[in-house]
Structures are given as structure tokens and as C-alpha cells.
1. Run the quick spin-label model on residue 107 and residue 125: label points 7 Å from Cα toward the beta carbon, then report their separation in nm to one decimal.
2. Which of 76, 92, 101 ends up with the largest GNM mean-square fluctuation for the chain, with Cα atoms connected below 10 Å?
3. What does the extension gain come out to for residue 96 and residue 48, with contour length at 0.36 nm per residue minus their alpha carbon separation?
4. How much length is gained if the chain between residue 181 and residue 158 is pulled fully straight, taking 0.36 nm per residue apart and subtracting their Cα-Cα distance, in nm to one decimal?
5. Just want to confirm a number: the relative contact order over segment 18-193, from Cα pairs under 8 angstrom separated by 6+ residues, in percent.
6. Would you please give the FRET efficiency between residue 149 and residue 200, computed as 1/(1 + (r/R0)^6) with r the Cβ-Cβ distance and R0 = 41 Å, to the nearest 0.05?
7. Please rank 105, 147, fewest neighbouring Cβ atoms within 10 Å first, as an exposure proxy.
8. For segment 50-101, what relative contact order do you get, as a whole percent, if you take Cα pairs closer than 8 Å and at least 6 residues apart?
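Read-outs throughout are calculated quantities, based only on the coordinates presented, and are distinct from any laboratory measurement. From a predicted model like this one, the values you see are computed outputs, not experimental measurements. We place every Cβ from the backbone using ideal geometry, glycine too, and count neighbours over all the protein chains shown.
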């Protein structure tokens, strides 16, 4: 077969999707006495002092059952070619394939919510990889121009104190499978992302 002709209307620099997944929650961490709303990850942090102690009960909505991790996408810029017809979106995560097609338009934004379960409906703990593929179809081109990116999304977290969904600020738990230290004050320390350091005296 003859080779496919290049699609001259596609600008590889301008028509490139923006993928944002907030898998590292920026919790207050060192300030467990504060309540906060984290807009990027849509997480609410509540803190209640325990009278007569320096301890706090800390609640994070990301550790609740119904919380979903999100991937925010901008598929098209403010100006697009007239020949652009369709935008195809495919997201693969933990064996799950999500597909959606959009009619061509400027400034297309989409948020994908993941329930933190794999294809077998089992809980996924720690951090998972997602593959995001976006295809641009033109009226004067034979093939679809695909862009593929990978990003990380947060899965379920292990229960720490398990006091009705609240944690004690001094209780911590280590997820050795994923190398994540979950602290009771809300912080997650991703040890796999840090260099291995050996200190001797």
C-alpha cells in the first residue's frame, strides 16, 4: 500500500493535550491542628483537638470510601484548524479502558474520575499509572494523529487508626508494597521517589 500522506493541518506543538493528575496530595502535614480545603485534588482536611493532650483527630476525605482520583485534561487550545473534526480520548488504568469522542471545538476540557478499583473491581492501593491517548481526526487526513502520555494517580490508602474514618495525628502506617509512609497528620511520604541514603557515624 502507498505510504500515508502527512497531515499538514496538524500542529504538533499547538495541538497537544495538557494532562494534570494530582496524586501527591499537598496536605497541611506538619500542622495537624489546621483544617483546609485542597482545591486541586478536591480534598477536605478536618482537625479536632483532643482536650488535655497535644494530639489531634485528623480526617481526610481522600481516605474515605467514595473518594475518586481525577485526571484533568485540556484537549484543544483556544484556536483550532477548520479541518479538525473529532477528538478521540482513551484512558487505560489498571486494566480499565475508558473511551470518549468529542466534536471538534476550542478549549475542550474534561475531567476523568477513577474509583480506585481495577478491572476486577478490586481496590488498588498506593499509586497507579494511567496511559492517556488523545487522537485528532481531520477531514482532509486519512489517519488519526495520536498523542500518548503517562501520568500517576492515587489509589486507596491503608487505614491507620480507623476511628470512624478519623486518624490520630501520632499514628502512622507504612505501605511496604508501594514504599509509602502514611502519617496520621495527613502527610504521605513517597520513599520510592527519594534517593537511597545510608548514613554512618
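1. 4.4 nm
2. 101
3. Going from the current span to full extension adds 13.4 nm.
4. 7.3 nm is the gain from fully extending residue 181 to residue 158.
5. So the answer I get is 23 percent.
6. Working: r = 41 Å, r/R0 = 1.01.
Efficiency at R0 = 41 Å is approximately 0.50.
7. Ascending Cβ contact count within 10 Å gives the list 105, 147.
8. For segment 50-101, the relative contact order is 18 percent.
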